[in-house]
Structure formats: structure tokens, C-alpha cells
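**Student:** Once you've had a glance at the structure underneath, I'll fire off some questions.
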Amino acid sequence: MKNPHYPKLFEKGRIGNVTLKNRIVRNSMGTYLGNPDGTVTDRQIKAYAEAAEGGAGLIFMDNATPVPMTSCGLRADNDSAVAGLTLLADAIKEHGAAAGMQLAHPGRDAGFVGSADVCGASEITFEPWYEMGFPVPRALTLQEIHDLVSKFGDAALRCKKAGFDIVEIHAAAGCIPTNFLSPHDNKRNDMYGGSLHNRMRLLLEIVRDMKQKCGPGYPIGVKLSLEDWEPEGIRIDETIEVCKALEKEGVSHLNMMGGTHATAAMEFLLPNAFNADHAKRIKAAVSIPVLVGHNIFSPEDAERLLEEGAGDFVALGRSQLADPAWAKKARAGHAEDITPCINCLIGCLDKGLLSHSPIRCTVNPSLYKYECPKLEPAEEKKQVAVIGGGPGGCEAAITAAKRGHNVTLYEKRAIGGAMIEASVPEHKANIRRLIRYHEVQLEKAGVKVVKEEATPETIKAGNYDAVIVAVGGKTRVLDIPGKDSEIVLYAMDYLGGRAKAQGEKAIVIGGGITGAETALELYGEGKEVTIVEMADQFLASPSNACQAYSIEIAQKGIRVITGKRLEAVEDHTAVLVDRWGNHTELPADSIVISAGFTAQNDLADALENETEAEVYNIGDSHQVRQIYDAIHEGFFAAKQI
């Protein structure tokens, strides 16, 4: 019987000789849940079981290396690995899914996962990485190439022996086949360089060796970058030819993504399902199954991609981190209960892979935290007040209510808090889905929402046993001459539609995330924009968002001035000063202040002093940080009550 909600998504499919119960693939992402030596842990086994229990038809999790090396995943380089890999394959299959294993050698990007042996096609790497001090890969010799091909085949056979139904070669994202495929990275003058025919030779030889050792009927697929987004790198026209060649070699499927480890930050600025058009070109060129992935967050988008012919399966990564039960909830027609990925890249990349730490998720505080008990009914049902309807407050209220407490949420403006302004840029529209999710879950959990500002008197009158303060940060106001000028406005008022920037020349004071977003919105209005940052470096944080904004602002030609602060506003002029007292005057029609935020501890302190309630101060009201911290602190505060 067809699924009445998403008929294409929950249609059976085949990859090679393996029948899958639906068209949902949990895409591979390194978890850092294993031991440092690449052996399997109990936590890893639980994660694999949880992923399969979530309802996807095929599960890829970590990848395994065919050679002994440090990585963010597993090892399949010797027979001793088979026992641990068997436990993982069993955990997946015993929970209703087909088990896939991806084999990967990070090649040029080995330093990215902490490995000492950085190698590739040539002694060339991504230029910004070189400038940051990343090691330049050594070029593999012919003998090393032949040995590597054989080791890939041996590793695939071990995965087959361990019980995995499908093996996939990671030939995307900067891994070693990518280094050979890229005309930028591959400057060899032997049989593995030059023409595309030569540059794809390594990948084809790996496929042949795997199929020879595993048998012709065993499914061997390939993950490829449609384009790598690097200068003079991999482009779609060549990728189509590579896919045709792989089909002739008998691969079972093609898993299509975009970018590399080096350019992953650009996903932050890209729209949902951005790979669709390129994936359609691949699907039109081959007859084997095509998996389309990247920025697919809702069942509606997934169903549409399948209907439009962008792929035969959808490959979901971060969506399954945000909600491991994504597929199960979609199948039941409860898409409104799916915790939505907001594409922030904070937990999964900034705090996870890029930090060589276990992967996390901003909107799923319990992800892989098996040492923490699941939500349990509270021993004592309490009257709980949550003050503030932003991300932390909503998470706290929903969690406390699920545990059986009577919860009242006070929000003087609207559910969402600062997420309302944060979701204004179109590339952050997924935050609007999180706001809607919170609205629905608050109602389902029975949280009483009161649209008023809560005070200590409110809490005393309500006789609450516990209070969670989540009022967010306060806009930092500059006390300078001319601060009340008609051309001065604040970024949050501008983003929230409460103030409008006038004229053609706009100056943004403050080069943080909010300042960058404000500058891009002003640029989108056709204004000539200048950003002024007091620090010596613009967007100094190593986060993906900062990297993406830095590139976007540079490409648009937005002027950035560092090492200066706003000293005064005179007529239609911003007066800047550096640390040595030198002044600069810039003409301006609008001056938009984005000087950051400050914590608001006053309410929490007053409640501590004036009431007998347990008081928890979370998120930016405690210390200004990120949405990740607000949501996680809200969740764990509610678990303590």
C-alpha cells in the first residue's frame, strides 16, 4: 500500500541486489564516537542502532579507512577490525535497515582529521589551507597507488565479511579520489594525471579491485562531488563523464554531494536542496540509482526531489542528527513533530568535526549522550515558569512539560525571541521552521503561553516552584555624541523591520555575525555598504558561518575597515578613531549599530533574592554565546527540575 503522506519517499527501492524499504538513506558523517585507534565502542553501536530504528532504508554512519591512520571514524585495514564492524552491521540490520559502510582515505585532507600522513595526487592543496599552515600533501608514487588500490579492495572484502550489505567509496569532499579527479589538485604527468581519462584511473581501479575481491554481485557504490567549489577544480560536465564510466564498471549507485571539507562552509549560504539541478543531469546520464543529498531538511522537499527526478533516493545527513526518527515521523504523517535542522553547522562541524570532537547538534541536545538517561517523568510534579520564548526558553518549557510539570511560558513579544531577527536572511529561513516547530510542540505539550513581561512579582504571585530565565541578551547601546541622530539605527531593529535604513550609503558598526548579516541585507537593497570593526580582524572566529560570510562579503565588494571604532556621529558623517587617536570621517546616509549584546542577569538575581523558587539562568541572559548554548542549557535545566 502506498504511503498516503509521502508515496515516493516510502516506496521500496533497490540498490544492486539489495531491496530497501524506502527511498531514505542516512548519509555517512564522521561521528568521533569510536576509539582513537579506529576500533568500535559501545556508544558507536548504540548510535548505529538508533539510526536504523529511526526508519531510514539504508544506513551509512562513519566511514572506515583502508589503511592504518588517524581519522574521525573506523578502520578496515586489517582482519582484526572485522569483529567490531560485525557488531555495527548487526546493530543496523537488527533494527530494520540495510547496512552500508563507506570506505574513505582522506588524502589531501588527512590533516583535517588529525592524520600525520597527508598525501595526494600532487604536492598541491587548497590555497587558504596552505596559508593557514596546513601541511602540503606528498605526491603518491606509482607503487603506493597500486598498493592503495589493493588495500581498498581488501577493506571492502572485510566489510562484506562483517555483514554490510553495501560498500561505498568516498570519492568526494576532498578524499583521495577527489585529489586525482581535480584538475587543480592533480598536476601529474604520468598515467594518473592530465586527461580526465587518466585522472579517473585511480577511482576506476579501486572499483575493479573491490568487485574482483567481493564478487560481481556485491553492491559497490561511489560518492562523488558534483562540483567541489574550489578554483579550477571539479565541475559538473566532467563529473557526468566520470559517472558514465563508473556505470560501465558496474557500480551499484552514485551518491551525489557538493563541495569539499575545505569549502563546506558555503553550505551555510546555499538554499535547501541546492544540488537538485546538477543531480538531475547525473540521473539523465546514467541508468543506475542516484542518491541526491545536501540541505534536504523536510519530507516535503525530499518527496518533491523524487517526484521531479533529481534522484532515486534522498541521502540525509544533518537532518538525521537533528532528529534520528525523521523517517519514522514522516512515514506516520507527523512532519510537524520532526525537529528541524536549521543548517547552522555549529554542533556538527564547528563543535564536532572541525574540533575533532564527537559530533553534536544544536537542536538535538541529547544526540549520542547515552550516558544521560532519557526524559523520565519527574518524581514530583512542580509549577514551573519559563521567562522568555526564544530558543532556550522554548526548549526548556517543552522539556519540562514532557516530564509532567505544569509549565507557564512568559513571552512579552512573540515565540521565537531573537530567532525572529536571525531568520530574516533568506539563507537562514530554516530557523523559521524551528520557530513553527516550537509553537506546535508548546501547544502539544500543554504549555500555557502568557504574552506579558514577567517580573519577580509575577513569579511570587504564581507561587512557582522553579523558574527558568531565558530572556536573552540585551543590545549593546553606544553612548557617543550624535547617538540620537536620525540616521542612527540598530541592527536588530533593522532586521526586525522596526527601522529602515535611508539613502544610498550605509555604514555598519560592528563586524560580528549580526553585523555581517546586516551588511549583506543592506547590500541586497542596493546600498553602498561599509563595515567598521573595532578589532584588527573581521569575523575572527573560525566558525563556518564566519568563513562563509567573509567569502560572500569579499565577493560582493563590501568594504571592511578594521582597527577603528565609532567615536561620534556628526551631520551625515561617521567619525572613526583608531587606537592611536587618528580620526577618519566617512559620509553616511545611515549608520547601523551592531555592537553586540550583553547578558541580563538582573532578573535571575532578583528572583534568587526575592523568591523561594529554584532559579536557572540560561542562554544569552546568563552569558552571550550561540543558539546552540541556549537550546542545550534549556534542555538540561528542565531535566534538573
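**Student:** Across the range 1-31, which residue is nearest to the chain's Cα centre (by Cα) among those that are modelled with pLDDT under 95 and buried (at least 21 other Cβ atoms within 10 Å of the Cβ)?
**Tutor:** M29
**Student:** So if I check each of D578, D571, D605, which one is of a type in the set (D, E, K, R) and either in contact with a strand residue (DSSP E or B) (Cβ under 7 Å, 6 or more places away or on another chain) or open to solvent by less than 60 Å² (accessible area, probe 1.4 Å) (or both)?
**Tutor:** After ruling out the rest, the residue left standing is D578.
**Student:** List the residue pairs whose Cβ atoms are under 6 Å apart, where the first residue sits in the range 171-191 and is farther than 20 Å from L103 by Cβ, the second is of a type in the set (K, R) and not in a loop (DSSP other than H, G, I, E, B), and the two are 6 or more positions apart or on different chains.
**Tutor:** The qualifying pairs are N186/R199.
**Student:** Can you spot a residue in the range 533-548 that is surrounded by fewer than 17 Cβ atoms within 10 Å (Cβ to Cβ) and in contact with a Leu (Cβ under 6 Å, 6 or more places away or on another chain)?
**Tutor:** no
**Student:** State all residues of the range 549-568 that are under 25 Å from P271 (Cβ atoms) and either polar (S, T, N, Q) or surrounded by 12 or more Cβ atoms within 10 Å (Cβ to Cβ) (or both); if no residue qualifies, say none.
**Tutor:** Y549, S550, I551, E552, I553, Q555, K556, I558
**Student:** Restricting attention to the range 507-532, which residues are in a loop (DSSP other than H, G, I, E, B), among the small types (G, A, S) and open to solvent by 30 Å² or more (accessible area, probe 1.4 Å)?
**Tutor:** G512, G526 - these are the residues of the range 507-532 that are in a loop (DSSP other than H, G, I, E, B), among the small types (G, A, S) and open to solvent by 30 Å² or more (accessible area, probe 1.4 Å).
**Student:** Within the range 363-394, track down each residue that is open to solvent by 70 Å² or more (accessible area, probe 1.4 Å), out of contact with any helix residue (DSSP H, G or I) (no Cβ under 8 Å at 6 or more places or on another chain) and closer than 15 Å to G446 by Cβ.
**Tutor:** If the condition is that a residue be open to solvent by 70 Å² or more (accessible area, probe 1.4 Å), out of contact with any helix residue (DSSP H, G or I) (no Cβ under 8 Å at 6 or more places or on another chain) and closer than 15 Å to G446 by Cβ, then P377, K381 are the ones that fit.
**Student:** Mind counting the residues in the range 608-641 that are open to solvent by 30 Å² or more (accessible area, probe 1.4 Å), polar (S, T, N, Q) and in contact with a Lys or Arg (Cβ under 9 Å, 6 or more places away or on another chain)?
**Tutor:** 0
**Student:** Just the residues that are under 26 Å from P271 (Cα atoms) and either open to solvent by less than 80 Å² (accessible area, probe 1.4 Å) or not in a helix (DSSP H, G or I) (or both), please, taken from the range 433-451.
**Tutor:** Answer for the range 433-451, where residues must be under 26 Å from P271 (Cα atoms) and either open to solvent by less than 80 Å² (accessible area, probe 1.4 Å) or not in a helix (DSSP H, G or I) (or both): R433, L434, I435, Y437, H438, E439, V440, Q441.
**Student:** Report yes if D185 is assigned to a loop (DSSP other than H, G, I, E, B), over 17 Å from G221 (Cβ atoms) and open to solvent by less than 10 Å² (accessible area, probe 1.4 Å), otherwise no.
**Tutor:** Against the criterion (assigned to a loop (DSSP other than H, G, I, E, B), over 17 Å from G221 (Cβ atoms) and open to solvent by less than 10 Å² (accessible area, probe 1.4 Å)), D185 qualifies.
**Student:** Something else: Could you list, in sequence order, all residues of the range 118-145 that are touching a residue at least 40 places away in the same chain (Cβ under 8 Å) and surrounded by 13 or more Cβ atoms within 10 Å (Cβ to Cβ)?
**Tutor:** Matches in the range 118-145: C119, G120, A121, S122, I124, T125, F126, P128, W129, P137, A139, I145.
**Student:** Would you confirm, using the coordinates I've provided, whether E395 is touching a Phe, Trp or Tyr at 6+ places or on another chain (Cβ under 6 Å) and of a type in the set (D, E, K, R)?
**Tutor:** The answer is yes for E395.
**Student:** Separate question: Looking at the range 80-91, can you tell me whether even one residue there is assigned to a strand (DSSP E or B) and either surrounded by fewer than 22 Cβ atoms within 10 Å (Cβ to Cβ) or of a type in the set (A, V, I, L, M, F, W, C) (or both)?
**Tutor:** Checked the range 80-91: no residue is assigned to a strand (DSSP E or B) and either surrounded by fewer than 22 Cβ atoms within 10 Å (Cβ to Cβ) or of a type in the set (A, V, I, L, M, F, W, C) (or both).
Matching residues to (1) part of a helix (DSSP H, G or I); (2) among the basic types (K, R):
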position: R565; (1), (2): no, yes
position: A568; (1), (2): no, no
position: I591; (1), (2): no, no
position: A604; (1), (2): yes, no
position: Y616; (1), (2): no, no
position: V624; (1), (2): no, no
position: H632; (1), (2): yes, no
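**Student:** Among the residues of the range 345-371, what is the count of those that are of a type outside the set (G, A, S), under 17 Å from E395 (Cα atoms) and in contact (Cβ under 8 Å) with a residue 60 or more places away in the chain?
**Tutor:** Of the residues in the range 345-371, 4 are of a type outside the set (G, A, S), under 17 Å from E395 (Cα atoms) and in contact (Cβ under 8 Å) with a residue 60 or more places away in the chain.
**Student:** Same structure again: Have a look at L566, L576 and point out the one that is in contact with a Lys or Arg (Cβ under 6 Å, 6 or more places away or on another chain) and in contact (Cβ under 8 Å) with a residue 24 or more places away in the chain.
**Tutor:** Testing whether each residue is in contact with a Lys or Arg (Cβ under 6 Å, 6 or more places away or on another chain) and in contact (Cβ under 8 Å) with a residue 24 or more places away in the chain leaves just L576.
**Student:** When the range 15-30 is examined, which residues are found to be touching a strand residue (DSSP E or B) at 6+ places or on another chain (Cβ under 7 Å) and outside any loop (DSSP other than H, G, I, E, B)?
**Tutor:** Of everything in the range 15-30, those that are touching a strand residue (DSSP E or B) at 6+ places or on another chain (Cβ under 7 Å) and outside any loop (DSSP other than H, G, I, E, B) turn out to be I15, V18, L20, I24, V25, R26.
**Student:** Using beta carbons and a limit of 6 Å, which pairs, at least six apart or on different chains, have the first residue in the range 425-443 and in contact (Cβ under 8 Å) with a residue 40 or more places away in the chain and the second one open to solvent by less than 30 Å² (accessible area, probe 1.4 Å) and of a type in the set (D, E)?
**Tutor:** P425/E517
**Student:** What number of residues within the range 408-422 satisfy the criterion of being more than 14 Å from I627 (Cβ to Cβ), of a type outside the set (D, E) and open to solvent by 10 Å² or more (accessible area, probe 1.4 Å)?
**Tutor:** 6
**Student:** Take the residues in the range 32-56 that are acidic (D, E) and under 23 Å from M69 (Cα atoms); name whichever of them is least open to solvent (accessible area, probe 1.4 Å).
**Tutor:** Ranking the qualifying residues of the range 32-56, first place goes to D37.
The values are calculated or read from the model by the stated rules, or taken from the named source; none is laboratory data. Every value quoted in this text rests on a predicted model; they were computed, and no experiment measured them. Note that we place each Cβ from the backbone using ideal geometry, even for glycine, and neighbour counts take in every protein chain shown. For accessibility, only protein heavy atoms count, side chains too; no ligands or nucleic acids. Shrake-Rupley method; radii C 1.70, N 1.55, O 1.52, S 1.80 Å.
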